[in-house]
1. Please identify, among 47, 145, 121, the residue showing maximal mean-square fluctuation in a Gaussian network model of the chain using a 10 angstrom Cα cutoff.
2. Only four residue types carry charge here, +1 at the Cβ of Lys and Arg and -1 at the Cβ of Asp and Glu. Report the dipole size of the chain about the Cα centre in Debye, rounded to the nearest 20.
3. Give me the compactness ratio for region 8-59, meaning the Cα radius of gyration over 2.2 N^0.38 Å.
4. Given 20 °C and 1.002 mPa s, compute D for the chain with the Stokes-Einstein relation, Rh being the Kirkwood radius over Cα pairs; round to the nearest whole µm²/s.
5. For the chain, set up a GNM with springs between Cα atoms under 10 Å and report which of 29, 69, 140 has the largest fluctuation.
6. Would you mind ranking 147, 154 by Cβ crowding within 10 Å, fewest neighbours first?
7. For region 1-90, how big is the tail of P(r) above 20 Å, as a whole percent of Cα pairs?
8. Picking from 104, 13, 26, which is most flexible by a Gaussian network model of the chain using Cα springs under 10 Å?
Amino acid sequence: MSGPNSAREALLVEALGEVAILLERVETVAPAMDASRLALISAGKGLTHQVGVFESRMAALTENAQAQVVKHIARRIDELARRSLDAQTQAMEDAARTIFRAEVGPALQRTALPLQQLAALAQDSMRPWDRWLTHVATAVLTSALSWAMAAWLWLR
């Protein structure tokens, strides 16, 4: 074959050479692309399996978190209910004491005073001889002392 006669033919020959080189490169890249495609498919399948495992782990983790949150909320509600009950009990006790002091206490004192006086009278009336017994004991003692003094003076 003879050499190119014009610049156009030279460019065309050079372009054909470049296309040939490009086709050789494409042919060498095709098996690598097939291998990459197969590796990508395998990776996709592996990723699908891993996503399934991940989803099941996340579901278990979510259920555990929900159970822990429910337990925590239940504990806090019980604690708040106990505090509220204690506060209400204390408030009711304070109110009862205040009412008792203001309303019931004076009425009981007014009622108790006559009852105490009546009890004192009843106690005195149950043993009327206590006053007389004191007087009799005094008289007997003075009489005995008088006799003792007279006997001592007489014997002397």
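Readers should treat all values here as calculations from the given coordinates under stated rules, not as data from a laboratory. Owing to the predicted nature of the structure, the values given are computational and were not obtained by experimental measurement. Every residue, glycine among them, receives a Cβ derived from its backbone with ideal geometry; neighbour counts consider all protein chains shown.
1. Evaluated over the chain, the most mobile residue of the options is 145.
2. Details: 16 positive and 16 negative charges, 333 e Å.
Using Cβ point charges on Lys, Arg, Asp and Glu, the chain gives about 1600 debye.
3. Working: Rg = 21.7 Å, N = 52, 2.2 N^0.38 = 9.9 Å.
Dividing the Cα Rg of region 8-59 by 2.2 N^0.38 Å gives 2.20.
4. Details: Rh = 30.5 Å.
The estimated diffusion coefficient comes to 70 µm²/s.
5. Checking each option, the largest mean-square fluctuation is seen for 140.
6. Details: 147 10, 154 7.
Ranking 147, 154 by Cβ neighbours within 10 Å, fewest first, gives 154, 147.
7. Values: 2912 of 4005 pairs.
The share of Cα pairs beyond 20 Å in region 1-90 comes to 73 percent.
8. Result for the chain, Cα springs under 10 Å: 13 fluctuates most.
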